[in-house]
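Before any comments, here is the structure.
Rule-based calculations on the coordinates, nothing more; no lab input. Quick caveat, the model's predicted, so the values are computed rather than measured. Note: ideal-geometry Cβ built from the backbone for every residue, glycine included; neighbour counts use all protein chains shown.
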Amino acid sequence: MRDQSIRGHLANLEQQGELTRFIAEIDPDANMSAVSWKNFSERGQSCLFTTLKGHPDWQAVSQIVASRRKWAVALGVAEHLVVPTLAERIANPLPTVDVGRAKAPCKEVVMIGNEVDLTKVPAMWTSARDPGRYIASGMCIIKDPDTGIRNVSFHRAQVLGPDKTAFLICPRQALRIFQMYGARGRPMEVAMVIGAHPLITFAGGFVAPYGVDEMTIAGGLLGDAVRMVKCETVDLEVPADAEMILEGEIIPGEMTEEGPFGEVTGTYAQEGSTPLFRIKAVTHRRNPIFYAMQCGLPPSDAHSIICTTIEMKLWEHMRGVDGGELELLDVRCVGGMTPLMVVVQLRQRYAGQAKAALMSVLSSPYLHPKFAVAVDEDIDPSDVDQVAWAIATRTHAARDVQRWDATRVFTLDNASPIEPGMSPMYRIGTKMLIDATKPPVARAAERRRFDKALPPNLDTVRLEPFLSEADR
Ligand SMILES: Cc1cc2nc3c(=O)[nH]c(=O)nc-3n(C[C@H](O)[C@H](O)[C@H](O)COP(=O)(O)O)c2cc1C
Ligand SMILES: [Mn+2]
């Protein structure tokens, strides 16, 4: 059976030269976030912090899936196959299997009731204006009170004391379920999973159709049933190989002040109030590893998980455009992985295909993208310089830039006004497409006018033989 722990992924990253081991002491409040952010944005490296100030028994990791290359490591496929592989595997879910506690590493240490102390956990102070430590990597398992079907989603959790955190719930399935508990006047049991295998994490961040257990999707991604184990104090099951589990409940109506928090937009979500998560038990592995998920200004794991789920969903969604006639090559959230802007690479056979594809990007299961750009196969969609060149040289703005006003947009998009009388979760904004493709393949002569002017024999000429010894 395939390894289902974050430790297996870390070993693979390290073996492929993708991981930096920091042995110098790191402070989760003062410098962990800055070191993590710089180590990825300047060196492309994931982080393992082995010595943590004030937390002698712990280690922490960050930036472990922050790029497509790191997803390729998690999936065990080549980088260009990441999105198609995710889309293919997600369509083949596998039921979970239950293992006993003796076979569940997440039960190596069990603390119940008074033993629970979240201040011992090296949660990270992530962005400067956050009020303090947050757990951004909490993958939360709940159950529909009627059907008992599991739902999995992420909820940022500001650490508020030894046994409580805030718990932000945006309007999606988890909120719908929480409202069902509210209507019955019952607390909602929650198991927060911290530090699972990245493919399990990916499934938790994916918006599956209502009633689909995201852990069965994780099984499809792993190619093996996810090993689950029963919780100690709540009627829920959790991935047995995870680093840490927080078990507890949320009482409908009980609220707390929360935020601000540096969010996935790269700006701050304003302070407000959220439900309160009361923790009854903590279980973790021996020598636990805390998953200090970076958030705020991209690039980070939070961006990469959200953007990669969006890329995968759009890949699937767009392949249905034009009855499957669209020759889609790649989908990329750009801007260091910003879910608000998507670049689509395609080969346009007939006029209008690119625009049809872009409209589908702006109206998909994800509200996030508000700018959608199409480029041809000769433009690398992940290279913003090339995308800007294509926009500048291939776009006739009056025809190729189109906007739709007053459409629903992403909850956290500070640039779009809140709907009057509603919570900040409901915003109305403008969506825009930029068709930066050449004329379609069917109009060959016109298309040639947009070809790149390249040096003769660029593909075959090598630089090395012409360099002097010193410059080689
Ligand atoms: C790293 C990360 C952090 C997230 N934080 C939150 C959050 O704080 N609150 C929230 O409602 N959704 C958050 N999300 C989004 C949901 O977890 C995600 O959309 C999920 O798939 C929703 O599942 P559901 O449709 O089953 O409710 C986050 C996603 C990721 C990947
Ligand atoms: Mn769901």
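A few remarks follow.
- Computed with the Debye formula from one identical point scatterer per Cα of region 320-448, without solvent, the log10 of I(q)/I(0) at q = 0.09, 0.14, 0.15, 0.19 Å⁻¹ comes to -0.27, -0.61, -0.69, -1.03.
- Computed from the alpha carbon positions, the gyration tensor of the chain leads to an equivalent ellipsoid with semi-axes of 39, 27, 21 Å, biggest first.
- For region 323-338, backbone phi angles converted through the Karplus equation (6.51, -1.76, 1.60; θ = phi - 60°) give residue-by-residue couplings of x, x, 7, 6, 9, 8, 10, 6, 9, 9, 7, 9, x, x, 6, 10 Hz, Gly and Pro being listed as x.
- Interchain or long-range residues, amide H under 5 Å from LEU236's placed H: CYS231
- Shape descriptor for region 66-285: Rg over Rh equals 0.95 (Cα atoms; Rh from the Kirkwood inverse mean 1/r).
- Scanning residues 5 or more positions from PHE261 or on other chains, those with amide H under 5 Å from its amide H are ALA269, with H placed 1.01 Å from N in the peptide plane.
- Net lengthening on full extension, TRP389/LYS53 (0.36 nm per residue, minus Cα-Cα): 116.3 nm
- Using the Cβ-Cβ distance between ARG349 and ASN114 with R0 set to 60 Å, the FRET efficiency from 1/(1 + (r/R0)^6) comes to roughly 0.35.
- Label-point separation in nm, VAL97 to THR147, each point 7 Å along Cα→Cβ: 2.6 nm
- Note on region 261-303 and region 430-472: Cα centroid distance 42 Å, given to the nearest whole angstrom.
- For GluC sites (Glu not before Pro), the sites in region 19-79 that DSSP calls loop and that have at most 16 other Cβ atoms within 10 Å are GLU25.
- Per-residue 3J(HN,Hα) values for region 57-62, derived from phi via the Karplus relation 6.51 cos²θ - 1.76 cosθ + 1.60 with θ = phi - 60°, read 8, 10, 10, 9, 10, 7 Hz in sequence order (x marks Gly and Pro).
- Each peptide in 145-151, 299-305 was scored by the mean count of other Cβ atoms within 10 Å over its residues; highest first, the order is 299-305, 145-151.
- ARG21 paired with ARG447, simple spin-label distance in nm, labels 7 Å along Cα-to-beta-carbon: 5.2 nm
- In order along region 425-430, the phi-based Karplus estimate (6.51 cos²θ - 1.76 cosθ + 1.60, θ = phi - 60°) of 3J(HN,Hα) comes to 6, 10, 10, 10, x, 10 Hz; Gly and Pro are listed as x.
- Taking each of LYS370/LYS452; LYS313/LYS438; LYS103/LYS230; LYS38/LYS370; LYS70/LYS431; LYS70/LYS120 in turn, the alpha-carbon distance tops 21 angstrom for LYS370/LYS452; LYS313/LYS438; LYS38/LYS370; LYS70/LYS431; LYS70/LYS120.
- Cut-off under 5 Å, modelled amide H: who pairs with LEU160 long-range: THR165, ALA166
- ARG184 paired with VAL207, simple spin-label distance in nm, labels 7 Å along Cα-to-beta-carbon: 2.6 nm
- Annotation note: trypsin sites (Lys or Arg not before Pro) in region 343-415 located in DSSP loop regions with a Cβ neighbour count of at most 14 within 10 Å are ARG349.
- Selected from ALA74, SER46, LEU175, residue furthest toward positive end of dipole (the chain; charges at beta carbon): LEU175
- The local environment of GLN270, defined by Cβ-Cβ distances under 11 Å, has a net charge of -2 under the rule Lys, Arg +1 and Asp, Glu -1.
- Between region 175-195 and region 91-120, the C-alpha centres lie 19 angstrom from each other.
- Reducing region 340-418 and region 235-260 to their Cα centroids gives an inter-centroid distance of 37 Å.
- Dipole magnitude of the chain about its Cα centre (Cβ charges: Lys, Arg +1; Asp, Glu -1), debye to nearest 20: 620 debye
- With contacts taken as Cα pairs under 8 Å and at least 6 residues apart, the chain reaches a relative contact order of 14 percent.
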